[in-house]
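Worksheet: the structure to be examined is printed underneath.
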Amino acid sequence: MKRLLVIGVLLAATGVGVAALFGSFEKPLPPEIRQIAVTRGDIHQTVTATGTLQATRTVDVGSQISGVVKKLYVDYNSIVTKGELIAEMDPQTVQTQLDSAKASLDRSKIDLEGLRATLKADELNRDREVQLFASGLATAQDRDAAVLQVKQDEGTVKEDEAAVAVATDNVKQAQVNLDYCTIRSPVDGVVITRNADEGQTVAASVSVPSLFIIATDVRTLDLLALVDESDIGKLHPDQDVMFTVPAYPTRQFHGRLDHVRLNSVNSNNVITYQAVASVKNDDLRLMPSMTASVKVQIADASDVVRVPNTALRFKPSKDMFTALGQPVPPEVANAPLVPAPKVAPPVADQKRTAAQQTVKDNPPKPGEMIDRRFRGSPRASSTGQVWSYNAHQLKPLAVQLGITDGTWTELVDNTVQPGDELVASVLVPRKK
């Protein structure tokens, strides 16, 4: 029995040794290389932003007098024409003021007529006293008293004439206030906001209370998009603007960029500018204040050779070359930990200087919009590097690049052709 036990232990040890021997000769797994093809197609370079739809022009219609809203003739979404009656204020208080002003005017006119009659009588008395004094039948004191009385009457008449003028103005003002009780639309448009109800009391002592907000024409809307300051140089008037709204997520709407406003918006130290686009809304589906996801098309390339951006981002490491049994290139072995910043090509600087000189020689005219004089930045052009995998070797390829849409980048030279495979990633198996 003891002998059998010793034989079993020896056999087990022999099996372990054989397994270890064969394991030591097991080949390591090769790296997994994922490649992606170069294709031909279209590239649309865009600037993305968020925006809000607004009416091109809105008019705030209010009441210029305080009082009670007697009647509203229009409501939300009502189409109105210029001069159309849209509301009435209760005229009782203003009518009373008008009646009182007219009564005061009548009284002032009556008083004026009496004073004029008195003046005429005193003038006759003055003339008579002057003649009597000349004949020696009246004293100088009587004559002077008669002359002074006429002067006093003339002053009183002028004061009452002024009172009549004031009373006349009071009547006109009361009549204007009565006319203000009838509120009419100042423009053709559609009511987008109603801020008052019938029976509501409004006070116009400090500011004009708003009753309605009327949009002049909702068939044309403005799209206000907040664009990051780094993208402003890429925008110029008449660019195509594409956007979607949550109400119609599957439908894409279009507009034309009109201008970029100079005033900036600072939100948490992030600077943005308002880009304004004009949008046609003939079917009236779009409404003011809708939120939009905006794309401004800044460059376009049709039927071009395009390289996947994943291939441009691929940078092989030392471990990848070691796993492939390939010598590590000097540029990889000596690569800095932090890549050097890219310097803008001097051609762009030359174009920018030329644009500045144009502005200097031909300054903007009064009333001219500044951004109408400029176009976008020069078409992007840069160099890049991709890697091919042929004959079990990674090989670098320098390429000349054009515009990009974030997924594809335009190839402007003939280094690679549609259908060529480029390395997107290399997965090196972990060592056991």
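Values quoted throughout were computed directly from the atomic coordinates according to the rules given, and no laboratory measurement underlies them. Because the structure is a prediction, the values reported are computed rather than measured. Cβ: placed from backbone, ideal geometry, glycine included. Neighbour counts: every protein chain shown.
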Cα gyration tensor category, rounded, prolate or oblate, for the stretch 262-308 with a/c compared to 1.5: oblate
Proximal charge balance of Asp222 [Cβ under 13 Å; K/R count +1, D/E count -1]: +3
Pairwise FRET efficiency - Ile271 versus Thr216, Cβ, R0 = 35 Å, nearest 0.05: 0.65
Label-point separation, Gln152 to Arg430 (7 Å along Cα→Cβ), nm: 12.0
Neighbour-count order for Trp408, Trp387, fewest beta carbons within 10 angstrom listed first: Trp387, Trp408
Net charge, Thr39 excluded, C-beta distance under 15 Å - Lys, Arg +1, Asp, Glu -1: -4
Cβ-Cβ FRET estimate between Ala138 and Gln95, R0 fixed at 45 Å, reported to 0.05: 0.20
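Please work out how much length the chain gains when fully extended from Gln131 to Val328, using 0.36 nm per residue of separation minus the C-alpha to C-alpha distance, in nm with one decimal.
Length gained between Gln131 and Val328: 57.4 nm.
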Two-site FRET efficiency, Thr383 against Arg57, from Cβ-Cβ distance with R₀ of 56 Å, rounded to 0.05: 0.70
Count, lysine Cα pairs under 16 Å in the stretch 79-176, 8 or more residues apart or across chains: 5
Within-13-Å neighbourhood charge of Gly199 [Cβ basis; K, R +1; D, E -1]: -2
Two-site label geometry, Lys82 and Leu262: point separation in nm, points 7 Å out along Cα→Cβ: 3.1
In Hz, Karplus ³J(HN,Hα) per residue of the stretch 292-300 (6.51, -1.76, 1.60; θ = phi - 60°; x = Gly, Pro): 10, 9, 10, 10, 9, 7, 9, 7, 8
